[in-house]
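Each reported figure results from applying straightforward, stated rules to the coordinates on display, with no laboratory input. Here the structure is a predicted model, which is why all the values come from computation and not from measurement. As a convention, Cβ positions derive from the backbone with ideal geometry for all residues, glycine included, and neighbour counts pool all protein chains shown.
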Amino acid sequence: MMRFPQLDGFRGAPGVVRIIGHRGARGVMPENTIEGFEFTLKIGVRALEFDVVLTRDLVPVITHNHHLLNATTRDDDGCWLTGEELKVSNLTLSQLKKLDVGGADGNTVYGKRFPDQVFMSGVRIPALDELFELATRPEGQDLLFLLEMKSDPLVAGDKNASSAIVAKVVSEVRSRGLEDRTILHSFDWNLLGECALIAPDMPRSYLSQLPDNSDALGEDSSKAVAPDFAALGVSIPNAVSDAGGKLWCPYYMDVTPDLVSEAHDLGLIVCTWTANEVEDINHMIDAGVDGIITDYPGRAQRILLARDLTWQTDPHHQAAE
Ligand code: MG
């Protein structure tokens, strides 16, 4: 059986609950940016969750939606984009690089969700390889990646589309030698099936959200590409285990202590998303999850410390654990 050392950074232990920075630290820094990832790393949170989409010239870039949110995107002149939102797969990397994603418009619904996020200018959508480059620098040597691949609902189920993104992403992981620091993560379980074929040397993480819980405002829904959980015939943890997953990442509203125990009995690691409120983070700790994916990694640190818990064992002493 393959040993995947990166899983150690996501597995809880007595006194340890992992913190995973969601899109970096979206609550306080521009999401899915190198600036946000560097901040997260600097506060001592080394596990990052982020989202990858392909450009028109087939470059994996880090951004959440298939269409750029006007609420977080400015043009060359610093003006907010207006009108029909631009689709990432219609733009080349160099076209994307002209746009500024360093701030959120506080007059929009999406901007109002993150009132504490700093406002920066000259911040660009990163190519995936820019983050990988950070990981190869001395200060980035402990970074771990929960790398979410986004499936366009318009082509979901199209094996060629899934294979294209998986092949591109996996080849970039391999060219930087980051196979043992990356987990492949998606709501699209068919795409994860492609990952199993193309990259059996990397562990997979299965996202879930039950259909009765609503989607977040301003974000692409996962529901169009996710499995029909009611039709699985088994519990979600069992289905993840049957599919060969190592991580199960349930929506925080779907988590119960019983499901977490069931997943643990199957040998799965449970990391929940996206717990942001103090009360919700505490509930997730009480439910026994291994890790918490949060827009507020600093807030999660303070909650853990107040409970005499920690998020990190010294990565340089893993062998002694
Ligand atoms: Mg994500």
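General remarks:
- Residue exposure sequence - LYS168, LYS98 - by fewest surrounding Cβ within 10 Å: LYS98, LYS168
- Computing FRET efficiency as 1/(1 + (r/R0)^6) for ASP129 and ARG3, where r is the C-beta to C-beta distance and R0 is 25 Å, gives about 0.40.
- Taken along its three principal axes, the alpha carbon spread of segment 150-283 comes to 41, 32, 32 Å, from the longest extent down to the shortest.
- Here HIS283, HIS185 are placed in order of increasing Cβ neighbour count within 10 Å, fewest first, which gives HIS283, HIS185.
- You can think of it this way: the chain between ARG176 and ALA13 has 55.7 nm of extra reach, that is 0.36 nm per residue less the Cα-Cα gap.
- Between segment 289-310 and segment 129-163, the Cα center-to-center distance that results, in Å: 24 Å
- Rg followed by Dmax, in Å, when the chain is reduced to its Cα trace: 18.4, 56
- Computed over segment 1-91, the ratio Rg/Rh where both radii use C-alpha atoms and Rh is Kirkwood: 1.09
- Remark: ARG11, ARG18, ARG137, ARG302 ranked as ARG137, ARG302, ARG11, ARG18, counting other beta-carbon atoms within 10 Å and listing the fewest first.
- Fully extending the segment from ARG302 to ASP116 would add 65.3 nm, taking 0.36 nm per residue of separation and subtracting the current Cα-Cα distance.
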